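To start, the structure under review is shown below, and the notes come after it.
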Amino acid sequence: MTPMDPMLPRPLARAQAPRWPHHLAAIDMGSNSFRLEIGEVVADGYRRIHYLKETVRLGAGLDAAGMLTEEAARRGLACLAGFAQRLAGYSAQQVRAVATQTLREARNRDAFLARAQDVLGYPIEVISGREEARLIFSGVARLQPSPVPRLVIDIGGRSTEMIIGSARRPLRAESFQVGSVSLSMRFFADGRLTESAFRQAQIAAGAELEEALIPFARRHWQEALGASGTVGAVSQLLQASGKTDGTITPGGLRWCIARCLRAGHIDRLDLPGLRDDRRQVIAGGLCLLYTLATHFGIDALAPANGALRQGVIFDLAERRVAAQDPAEAHDMRDASVRELQRRFMVDVQQADGVANVADAFYASVQPRAEGGPAGELRRELLWAAALHETGMMVSHHDHHRHSAYLLAHVDAAGFSQSQQRRLADLVLAQRGSLRKIEPALALPTFTWQALCLRLAIIKCHARRAVDPRALQLRRDGDQALIVHAPGWAERNPRTLYLLKEEAAHWERSGPLRLRIAPATT
């Protein structure tokens, strides 16, 4: 892990009991701005407690090699240090930090995330473009409900999300790698505002969005909303100029572009309501908005009340309910696991059997907890067990490798990219040599998850009902002991053989030792 910058404050100690247990916090680490929102989900409503925004321009710090520059990294770390101060007294279960397109792209993102998590004091998740789109729609749908089909657009610094949905249900969600920062850096980097630059920027935006023309066509929706800082900025300047009531229209966008061309340079641009932190990226944002309006038939784009950060808070609230009362829960990740089982034709009966055995093993070696980090680790183990055979859809040979690849790369609503990688590592660890997962085994929590999954698969290898009392797993410090009932070894020589092979794997390259012994009477 990269050492923390000594110039930045160390993370604050987390209180054992949160001071405001009903508050939830979301951190949106966008390509242009970082945002912190603290809110409270009240019945079916929402109450904002606090909101902070800082223009970081992380996306402008990606160099030609796809590396995040140190200057950009330090801007991000300084902002997160301020957020950490505001979050003093909040538990890890109350805070969720998500990062978007810039950190999806950055080749050195892991090094930055290690530093960022040290500074912030909370985990940071890199989410996929489709997951970002889903969360955006969740925030809009909850804060601005409507039964009619609607198009929601979010123009970020380096990506644009488009979602069609009805009520709270997203029907189609996609992310496109074009944003206000990336377009502005490419076509307006010298500050000049020319007809040629605007034309080329619109062509580039149209090329990126062309594949969306049919699935997001005008016939699929009745109203359009914009959920981004770009939409908010353009809405404000149109309202301040008296051109519209804040609604973004093709005519209003043409007027803005004409004002840009008349100015000729960003430094001379004089638009009422244009904030200084938007000046450098407004041209790219206008090009994207005009391309969207003309290509998708958007006559009126209204600013939305909700955004990604509120969607993160609503998602976090659902996760807390799922951890506290699974019977009443609606965690999107559970639904995604069931959908993946269906899509990849998983033998659900076998998966459930492995999950139940793995859960029993895990409860005997790790503290049992429904919520918090320990509860999340248990749920990851159960999800891995549920999906450990997805790769059989590709091939029975080395199916664990196919399963791991699918889980690392598939779009799974509710999961962050980092959590999908952990599940992929667990599934890869389900059988065979441990050398292929040596880096992950450096974490004791992962080691015990992997051991429990491997032992559960061995116990259930015959694909029939198993005696839950036949094998018990015990922990003795850093050692593991499998205890079998009297007479079990004689009745199950093949399973005993597999257990001995498993013990040999851990002896050769594992961080713990596995012993097999009969129960003492």
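The values are calculated or read from the model by the stated rules, or taken from the named source; none is laboratory data. Bear in mind that the values here come from a model prediction, so they are computed numbers and not experimental data. Cβ coordinates were reconstructed from backbone atoms using ideal geometry, including for glycine residues, and neighbour counts include every protein chain displayed. Ligands, DNA and RNA are excluded from the accessible area calculation, which covers all protein heavy atoms including side chains. Shrake-Rupley method; radii C 1.70, N 1.55, O 1.52, S 1.80 Å.
Among the conditions (1) within 22 Å of the chain's Cα centre (by Cα); (2) more than 27 Å from Gly414 (Cα to Cα); (3) modelled with pLDDT under 95; (4) not small (Gly, Ala, Ser), Met67 misses just one, which is (3).
The number of residues in the range 176-202 that are over 22 Å from Asp63 (Cα atoms) and touching a strand residue (DSSP E or B) at 6+ places or on another chain (Cβ under 9 Å) comes to 1. Residues in the range 401-420 that are of a type in the set (D, E, K, R) and in contact with a helix residue (DSSP H, G or I) (Cβ under 6 Å, 6 or more places away or on another chain): Asp411 only.
Looking at Arg168, Arg199, Arg172, Arg218, just one residue is touching a residue at least 60 places away in the same chain (Cβ under 8 Å) and charged (D, E, K, R), and that residue is Arg218.
Regarding Ala440, is this residue open to solvent by 10 Å² or more (accessible area, probe 1.4 Å), of a type in the set (A, V, I, L, M) and at pLDDT below 95? Yes. Of all residues in the range 87-114, those being touching a Gly at 6+ places or on another chain (Cβ under 9 Å) and of a type outside the set (A, V, I, L, M) number 10. Taking helices (runs of 4 or more DSSP H) as the structural unit, those lying wholly within the range 230-335 and holding at least 1 residues that are under 23 Å from Arg57 (Cα atoms), open to solvent by less than 10 Å² (accessible area, probe 1.4 Å) and at pLDDT 95 or above correspond to 250-263, 282-296, 308-324. Can you tell me which residues in the range 129-151 are open to solvent by less than 30 Å² (accessible area, probe 1.4 Å), farther than 16 Å from Asp28 by Cβ and of a type outside the set (Ser, Thr, Tyr)? Within the range 129-151, Ala141, Arg150, Leu151 meet the criteria. Out of curiosity, is Asp28 of a type in the set (D, E, K, R) and crowded, with 23+ Cβ neighbours inside 10 Å? Yes, satisfied. Taking the range 88-127 as the range and being open to solvent by 20 Å² or more (accessible area, probe 1.4 Å) and either of a type in the set (Phe, Trp, Tyr) or not in a helix (DSSP H, G or I) (or both) as the test, the residues that pass are Ala88, Arg107, Asn108, Gly121, Pro123, Glu125. Collect the residues in the range 490-521 that are hydrophobic (A, V, I, L, M, F, W, C) and either within 14 Å of Cys452 (Cβ to Cβ) or in contact with a strand residue (DSSP E or B) (Cβ under 7 Å, 6 or more places away or on another chain) (or both), keeping them in residue-number order. Matches in the range 490-521: Leu499, Ala503, Trp506, Leu512, Leu514, Ile516, Ala517, Ala519.
Under the condition of being under 17 Å from Gly156 (Cα atoms), within 27 Å of the chain's Cα centre (by Cα) and surrounded by 16 or more Cβ atoms within 10 Å (Cβ to Cβ), the residues counted in the range 168-198 number 12. Each residue in the range 199-229 was checked for being crowded, with 17+ Cβ neighbours inside 10 Å and under 18 Å from Pro170 (Cα atoms), and 8 pass.
Table: residues versus (1) open to solvent by 50 Å² or more (accessible area, probe 1.4 Å); (2) in contact (Cβ under 8 Å) with a residue 60 or more places away in the chain; (3) among the β-branched types (Val, Ile, Thr).
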residue: Glu40; (1), (2), (3): no, no, no
residue: Arg48; (1), (2), (3): yes, no, no
residue: Leu52; (1), (2), (3): yes, no, no
residue: Arg57; (1), (2), (3): yes, yes, no
residue: Ala65; (1), (2), (3): yes, no, no
residue: Ala72; (1), (2), (3): no, no, no
residue: Gly76; (1), (2), (3): no, no, no
residue: Cys79; (1), (2), (3): no, no, no
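For Arg435, indicate whether it is within 22 Å of Ala351 (Cβ to Cβ) and exposed (fewer than 15 other Cβ atoms within 10 Å of the Cβ). For Arg435, the condition - within 22 Å of Ala351 (Cβ to Cβ) and exposed (fewer than 15 other Cβ atoms within 10 Å of the Cβ) - is not met. Every condition in (1) of a type in the set (A, V, I, L, M); (2) surrounded by 12 or more Cβ atoms within 10 Å (Cβ to Cβ); (3) out of contact with any Phe, Trp or Tyr (no Cβ under 9 Å at 6 or more places or on another chain) is met by Leu473 except one, and the failing one is (3).
Looking across the range 93-119, the residues that are farther than 20 Å from Gln310 by Cβ and of a type outside the set (D, E, K, R) come down to Thr102, Leu103, Ala106, Asn108, Ala111, Phe112, Leu113, Ala114, Ala116, Gln117, Val119. Of all residues in the range 393-414, which are surrounded by fewer than 24 Cβ atoms within 10 Å (Cβ to Cβ), touching a residue at least 12 places away in the same chain (Cβ under 8 Å) and either of a type outside the set (D, E, K, R) or part of a loop (DSSP other than H, G, I, E, B) (or both)? Passing the criteria: Met393, Val394, His400, His402, Tyr405, Leu406, Ala408, Val410, Asp411, Ala413, Gly414.
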